[in-house]
Amino acid sequence: MFCLPLEYYNEMIAHVRAEAPNEGCGLLAGKDGRIQKHYRARNSEQSPVLYSIDAKDLLGYMRDMDAQGWDLLAIYHSHTHSQAYPSATDVKLAFYPDAVYLIISLQEPQRPIIRGFRIQDDVITEEEVDVET
Amino acid sequence: MTVEVQIPAVLKKHTGGAKSVKGQGQTVRELLDNLDRDYPGIKKQLTSEDGQLHRFVNVYLNDEDIRFLQQMETGLKDGDVVSILPAIAGG
């Protein structure tokens, strides 16, 4: 179970809506499963079908997490025109087995759907997302 | 040249769990060749068959992306820090 406080959920939804029709992406970091920080990332692909966090920004985020003693808890991105399930590209490029991959579907813009997955060695395992109100 | 190499979680299985290892080489290419001798298999994770860095692997020399330096031929000095980070990307 991935616990997602409502404030972070709202921030992520606002971020990916602002990026639409391109995919939006970002990171959640914290300790012992408690989120402490939301990094709104730039999608360097600027694409409706691909995302890639800017390489220079990524190093900065990782340095910040190390300095704070935080772990990378989740990686999120939006699917603007498809369901909230990992694409073949998502599986191929899943290099962070310790993080939960959160996917936000904006197929119906007024009804975003968020689901979480662990992806390791091409195996997708769903992790329930609990939005805490 | 002896440098510190910061290893991402996804590659720690190659380094016996170490987050940081020492490596040697005059260039990034030599460094990766030498690392592969100590930690077999690690280079294959980072480079393609033509010897270039995989598109979805970022290597930084003291926080500069080597793609904006001399790529695999980027020169190293004693005490440099080389960080390896897989891209965060998908579709």
request  = Look through B:I42, B:I84 and report the one residue that is under 27 Å from A:L27 (Cα atoms) and modelled with pLDDT of 95 or more.
outcome  = B:I84
remark   = Taking the stretch A:109-124 and keeping residues farther than 17 Å from A:Y9 by Cβ, open to solvent by 10 Å² or more (accessible area, probe 1.4 Å) and either out of contact with any strand residue (DSSP E or B) (no Cβ under 8 Å at 6 or more places or on another chain) or in contact (Cβ under 8 Å) with a residue 24 or more places away in the chain (or both) leaves A:Q120, A:D121, A:D122, A:V123, A:I124
ask   = Among the residues of the stretch A:36-67 satisfying the criterion of being among the polar types (S, T, N, Q) and within 14 Å of A:E19 (Cβ to Cβ), which is farthest from the other protein chains (Cβ to nearest Cβ)?
value = A:Q46
task = Select from the stretch B:49-91 the residues that are within 14 Å of another protein chain (Cβ to nearest Cβ) and assigned to a loop (DSSP other than H, G, I, E, B) and list them in ascending order.
result = B:H54, B:R55, B:F56, B:N62, B:D63, B:L69, B:A87, B:I88, B:G91
inquiry  = I want to confirm something. Restricting to the stretch B:1-29 and keeping residues that are part of a helix (DSSP H, G or I) and touching a residue at least 40 places away in the same chain (Cβ under 8 Å), which single residue is nearest to the other protein chains (Cβ to nearest Cβ)?
reply    = B:V10
ask   = Which condition number does B:R37 fail, the rest of (1) of a type in the set (D, E, K, R); (2) within 14 Å of chain A (Cβ to nearest Cβ); (3) assigned to a helix (DSSP H, G or I) being met?
value = (2)
Whichever residue in the stretch A:73-96 is within 11 Å of another protein chain (Cβ to nearest Cβ) and open to solvent by 30 Å² or more (accessible area, probe 1.4 Å) and, among such residues, is farthest from A:S47 (Cα to Cα) = A:F95
message = I'm checking my understanding of the structure. Among residues of the stretch A:39-56 that are open to solvent by less than 50 Å² (accessible area, probe 1.4 Å) and in contact with a strand residue (DSSP E or B) (Cβ under 6 Å, 6 or more places away or on another chain), which one is farthest from A:H15 (Cα to Cα)?
response = A:A55
remark   = With the first residue restricted to the stretch A:21-33 and required to be over 18 Å from B:A87 (Cβ atoms), and the second required to be surrounded by fewer than 13 Cβ atoms within 10 Å (Cβ to Cβ) and at pLDDT below 95, Cβ contacts under 8 Å at 6 or more apart or on different chains are A:K31/A:G69
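The values are calculated or read from the model by the stated rules, or taken from the named source; none is laboratory data. Being a predicted model, the structure only gives us computed values, none of them experimental. Note that we place each Cβ from the backbone using ideal geometry, even for glycine, and neighbour counts take in every protein chain shown. All accessible areas refer to the heavy atoms of the entire protein, side chains included, with ligands and DNA or RNA removed. Shrake-Rupley method; radii C 1.70, N 1.55, O 1.52, S 1.80 Å.
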